[in-house]
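Remarks on the structure that follows.
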Amino acid sequence: MKKIISTVILATIVMANLVTNTAHAAVQTIEAEVNGMVCAFCAQGIDKKLRELPQIETVYVNLKHKIVAVELKDGQILPESTVKDVVKNAGYDVVSIQTVNQTVQQIKESLGKD
């Protein structure tokens, strides 16, 4: 009986880890380096425009590091070019853009304090 319980507990732990790792791997964030942002009003304008896209869950704009990151909702697809166009149409230059498997929170933590 103890062996069965141990096996069930072990299987539960393994399954929980698989679900957690799969959830984190599925996170897609588009991160861009943006030139031309010089004030909080700039950041607010970019944030507002990006939040209009229905695929986006979270927007993060960091003036100090010139980073804009948008985390997509589960199961959503958004071409990098769409984010680039929104930022460019708001009046800013996109220096680089990439899709990463990190959350916006992880990006914030990697940059340190704003």
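What follows is calculated from the coordinates using simple rules that are stated; it is not laboratory data. Computed from a predicted structure; not experimentally measured. All Cβ positions, glycine included, derive from the backbone under ideal geometry; neighbour counts span all protein chains shown.
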Query raised in the report: Amide H of T58: which non-local residues (sequence gap of 5 or more, or other chain) have their own amide H closer than 5 Å, using H built in the peptide plane?
Result: E71
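Would you mind calculating the gained length between L111 and K64 on full extension (0.36 nm times residue separation, minus the Cα-Cα distance), in nm to one decimal? Mind dumping the intermediate values first?
Details: separation 47, 0.36 × 47 = 16.92 nm, distance 0.95 nm.
Between L111 and K64, full extension yields an extra 16.0 nm.
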Query - Surrounding net charge for L78, when Lys and Arg each add one and Asp and Glu each subtract one, Cβ distance under 12 Å - result: -2
